[in-house]
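See structure below.
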Amino acid sequence: MTDPLLSELLGLAQDAAHRAGALLRDGRPADLGVAATKSSPVDVVTEMDIAAEQLITGFLSEHRPQDGFLGEEGASSEGSSGIRWVIDPLDGTVNYLYGLPTWAVSIAAERDGERVVGVVEVPMRRETYHAVLGGGAYAKGGAYGDGGAALRCRPAPPLDQALVSTGFNYVADVRAHQADVARVLIPRLRDIRRGGSAAIDLCDVAAGRLDGYYERGLHPWDLAAGDLIAREAGALTGGRPGMPADGGLTVAASPGVFEPLQSLLEELGAWHD
Ligand code: IPD
Ligand code: CA
Ligand code: CA
């Protein structure tokens, strides 16, 4: 990588994600409870979400005091360097609360509003995924070994043989609508998965462990790192046709699966404004 700023940002993001992942994995209290709720009674925050965000923002601002932040648990500042960190300190909180292994730390860096670095750490897989804009996507640890490997999305099957993941929102009305969409999709796909972490879903598309993923209602911190990793692995990502992935709709899939999946989601009204 030739740009020394991007190398620095990548190294810091990897270090911060690793530290937060270790805190979450090793420091999870046996009696972990819910500290607060957000958009609905099932949209929970634990003390560990908050501790992980504080660790990440503290670490990054120590090294780069002029940078801005957008973090799910409240970090929000403009900064003056042109760099902003977009952080989901614990993506998959409900899994974490229940002791299920599918949760991640997601950290992205934007330069002048453009995503340039993405890191997703998945402690219970012992895997870390990363990408730098224009530099490809990589994973190390776990199935990839200490040396790591480049990520490539899967060759596209026909849509009716595609394994596609999705997520359901915390708001009951939105979930009901998402279930209507999924009911129509299920017979037209190989199957649907609901893993419980959008960041991991996006990395699994990058890694060829899923053919596609879609979800309505994501926040910037859910998708910032994973979207870059998926794209750098050769996947296509977007929202409604012609639009970038955003809170209205996020679709990520291998080329050849992306187009028919996105059209079908458009036909079914799977987005919101
Ligand atoms: C959630 C997860 C989940 C997705 C939700 C997200 P959180 O993030 O990514 O898979 O379906 O839309 O809000 O609340 O665990 O950080
Ligand atoms: Ca999240
Ligand atoms: Ca979160």
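The values are calculated or read from the model by the stated rules, or taken from the named source; none is laboratory data. From a predicted model like this one, the values you see are computed outputs, not experimental measurements. FYI the Cβ positions are ideal-geometry reconstructions off the backbone, even for glycines, and counts take in every protein chain you see. Only protein heavy atoms, including side chains, enter the accessible area calculation; ligands, DNA and RNA are left aside. Shrake-Rupley method; radii C 1.70, N 1.55, O 1.52, S 1.80 Å.
Filtering the stretch 157-164 for residues that are away from ligand 3 (no atom under 14 Å from the Cβ), open to solvent by 10 Å² or more (accessible area, probe 1.4 Å) and free of Cβ contacts under 8 Å to residues at least 24 places away in the same chain leaves a non-empty set. The number of residues in the stretch 10-41 being within 24 Å of Glu127 (Cβ to Cβ), without any contact (Cβ under 8 Å) to a residue 60 or more places away in the chain and not hydrophobic (A, V, I, L, M, F, W, C) comes to 5. Quick check on this structure: which one of Ala225, Ala230, Ala245 is within 21 Å of Val116 (Cβ to Cβ), within 16 Å of ligand 1 (Cβ to nearest atom) and outside any helix (DSSP H, G or I)? Going through Ala225, Ala230, Ala245 in turn, the sole match is Ala245. Any residue that is surrounded by fewer than 16 Cβ atoms within 10 Å (Cβ to Cβ) and in a loop (DSSP other than H, G, I, E, B) - is there at least one of those in the stretch 166-187? The answer is yes, given that some residue of the stretch 166-187 is surrounded by fewer than 16 Cβ atoms within 10 Å (Cβ to Cβ) and in a loop (DSSP other than H, G, I, E, B). Considering each residue of the stretch 42-65, count those that are under 18 Å from Ile83 (Cα atoms), without any contact (Cβ under 8 Å) to a residue 40 or more places away in the chain and not polar (S, T, N, Q), and give that number. Residues in the stretch 42-65 being under 18 Å from Ile83 (Cα atoms), without any contact (Cβ under 8 Å) to a residue 40 or more places away in the chain and not polar (S, T, N, Q): 4 in total. Of everything in the stretch 188-217, what is within 16 Å of ligand 3 (Cβ to nearest atom) and buried (at least 24 other Cβ atoms within 10 Å of the Cβ)? Give them in sequence order. Correct list: Ser197, Ala198, Ala199, Ile200, Asp201, Leu202, Cys203, Glu215. In the condition set (1) at pLDDT 95 or above; (2) in contact with a strand residue (DSSP E or B) (Cβ under 6 Å, 6 or more places away or on another chain), Val45 is compliant with all but (1).
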